[in-house]
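K.L.:
One structure coming up, written as structure tokens, with questions to follow.
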Amino acid sequence: MGSSIKWVVSIIVIIILAGVAWKMGYLKMSGPTGMATTTPSIIATTTETVPSSGLPTADTDTSDAAMVQDSAAIDAQIQGMNSDQASLDQSMSDKPVTQSY
Amino acid sequence: MSNQNVMKRVGVMVAGAAVLVPAFALAQVQAQTNVDVTAQAQTPAATTAAQTNVSATVATPAMKAAIAKADQEIDRRIAALNDLIGRIGQMTRVSATLKQGLTSNTQGQITALTTLKAKIDAGTDLATLKTDVQSVTSSYRTFALVAPQGRVSASADRVANVTIMMQALGAKLQLRLQAAQTAGNDVTAAAAALNDLGANLSDANTRAQAAINGIAPLTPDNGDATVKATNDKAFKTAQADLKTAQSDLVTGRKDIDVIIKALSTMHAAAAATTTTQTQ
């Protein structure tokens, strides 16, 4: 009986320790590691109202249709990138016009 | 190539394509409401003897022309700054603190220019007008900092946004490739594209961060040639970094196309994966 109790107590302790370890992040589900995401250090609170990735489809939706939609959304942002670059170029090339009177 | 090696390659996509756009403390630009007569003038000394003989209380045609031209310059800069404020409001990957700092500096410039314009428009004294018009040039030195500083931040924010979107899509593609490989498809080429995507995202992120870091501590040169040279160099470096980041993302987008095209030839495996995920 005594040894049985010891076994039970040991198992309970192990379960508790495992739970603490998991809670503290020492035990993580191993999954695809290639695209492990790291939370950016500065995130605007407004991103809480949209999916964190910014994609129009759910992060778990890997269907062909979803990826077509996601690609289109990325293309729109790339177009915006071109516009931003042009605005930056313009702001750096701004020259004062000479004044004469 | 063995399935095991391919799986390793699929799993080794560069991680950490995270965006770190710090809430840097922008140099608070003082709204220039006072005329700065000591600023390095970039306007030619075009005052003629004839003009000095004109009554100082009457706006001569030359003065009116100078006022009109000054107004034109001020309006142009105010329009650019208002456009910048609109763009700052669209930024999504930076902190509220950073956005607030950028908006505050930009709005401060608009206020200063608006005040200066009113002063110029109301002026009838030639000497005062000359000083005020020179202020358009001196205030330009702050515009020359605030405008590109805001634009670099906006560009970096956009790069961050695209990076995160591509990272998320890359994760989806990785799952699809793993499933396709499990189903017996050869994913070698697609896996290589996936790795390339990861590398490009990582570099884009690094470049965007460097751009922000480079322009964050800059201050208005106020006519100081040395400070101006430092600022110009920093902005040129940031501009180059952002162009490289953009190029990285364009290349990454092509990698995505390669992978999606490859997956389309593995339709049976993809359909099975989709079915599994919807259960």
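K.L.:
To make sure I understand the rule: partners must be aspartates and glutamates, Cα under 12 Å from the Cα of B:Lys254, and not fewer than 8 residues away in the same chain. Which ones qualify?
P.N.:
Correct list for B:Lys254: A:Asp75, B:Asp196.
K.L.:
Where in segment B:142-176 is the amide nitrogen less than 17 Å from a point lying 7 Å along the Cα-to-Cβ axis of B:Ala96?
P.N.:
none
K.L.:
Moving on to the next point. Using a simple charge model, +1 on the beta-carbon of Lys and Arg, -1 on the beta-carbon of Asp and Glu, nothing else, what dipole does segment B:141-279 show about its Cα centre, in debye to the nearest 20? If you can, show how the numbers build up before the last one.
P.N.:
On the way: 13 positive and 11 negative charges, 49 e Å.
The dipole magnitude comes to about 240 debye.
K.L.:
Calculate the mean, over all residues of peptide B:141-151, of how many other protein chain Cβ atoms lie within 10 angstrom of the residue's Cβ. List each step's numbers first, then the result.
P.N.:
On the way: counts 1, 0, 3, 5, 0, 1, 6, 8, 1, 3, 9.
Mean partner shielding for this stretch: 3.
K.L.:
Sorting check: for B:185-194, B:103-112, B:198-207, B:216-225, which peptide has the highest mean count of neighbouring beta carbons within 10 Å, and how do the rest follow?
P.N.:
Values: B:185-194: 21.3, B:103-112: 19.6, B:198-207: 23.0, B:216-225: 16.4.
The packing order, highest mean first, is B:198-207, B:185-194, B:103-112, B:216-225.
K.L.:
Related question: Need one word for segment B:58-278: rounded, prolate or oblate. Basis is the Cα gyration tensor (sqrt eigenvalues a ≥ b ≥ c); a/c below 1.5 gives rounded, then a/b vs b/c decides. Numbers along the way, then the final one.
P.N.:
Values: a/c = 4.06, a/b = 3.23, b/c = 1.26.
Prolate is the answer for segment B:58-278, as a/c is 1.5 or above and a/b outweighs b/c.
K.L.:
What aspartates and glutamates does B:Lys119 reach when the alpha-carbon gap must be under 13 Å and sequence neighbours fewer than 8 apart in one chain are set aside?
P.N.:
Straight-distance partners of B:Lys119: B:Asp71, B:Asp132.
K.L.:
Taking a threshold of 27 Å on the Cα-Cα distance, which of the pairs B:Lys99/B:Lys130; B:Lys130/B:Lys233; B:Lys99/B:Lys243; B:Lys236/B:Lys261; B:Lys130/B:Lys228 fall above it? Intermediate values should be presented prior to the final figure.
P.N.:
Details: B:Lys99/B:Lys130 36 Å; B:Lys130/B:Lys233 31 Å; B:Lys99/B:Lys243 22 Å; B:Lys236/B:Lys261 38 Å; B:Lys130/B:Lys228 24 Å.
Violating the 27 Å limit, Cα to Cα: B:Lys99/B:Lys130; B:Lys130/B:Lys233; B:Lys236/B:Lys261.
K.L.:
Also, I was wondering about something else. Averaged over peptide B:171-182, how many Cβ atoms belonging to another chain are found within 10 Å of each residue's Cβ? Walk me through the numbers before you get to the answer.
P.N.:
Values: counts 10, 13, 5, 6, 5, 4, 2, 3, 1, 0, 0, 0.
Average neighbour count from other chains, rounded to a whole number: 4.
K.L.:
Also: If one computes the Cα centroid of segment B:149-173 and of segment B:58-123, what distance in Å separates the two points?
P.N.:
Taking the Cα centre of each part, segment B:149-173 and segment B:58-123 sit 29 Å apart.
K.L.:
Given the peptides B:235-241, B:168-174, B:152-158, B:85-91, arrange them by the average over their residues of other C-beta atoms within 10 Å, most packed first.
P.N.:
Numbers: B:235-241: 19.7, B:168-174: 24.7, B:152-158: 27.7, B:85-91: 16.6.
With the highest mean Cβ count within 10 Å placed first, the list reads B:152-158, B:168-174, B:235-241, B:85-91.
Each reported figure results from applying straightforward, stated rules to the coordinates on display, with no laboratory input. Bear in mind that the values here come from a model prediction, so they are computed numbers and not experimental data. All Cβ positions, glycine included, derive from the backbone under ideal geometry; neighbour counts span all protein chains shown.
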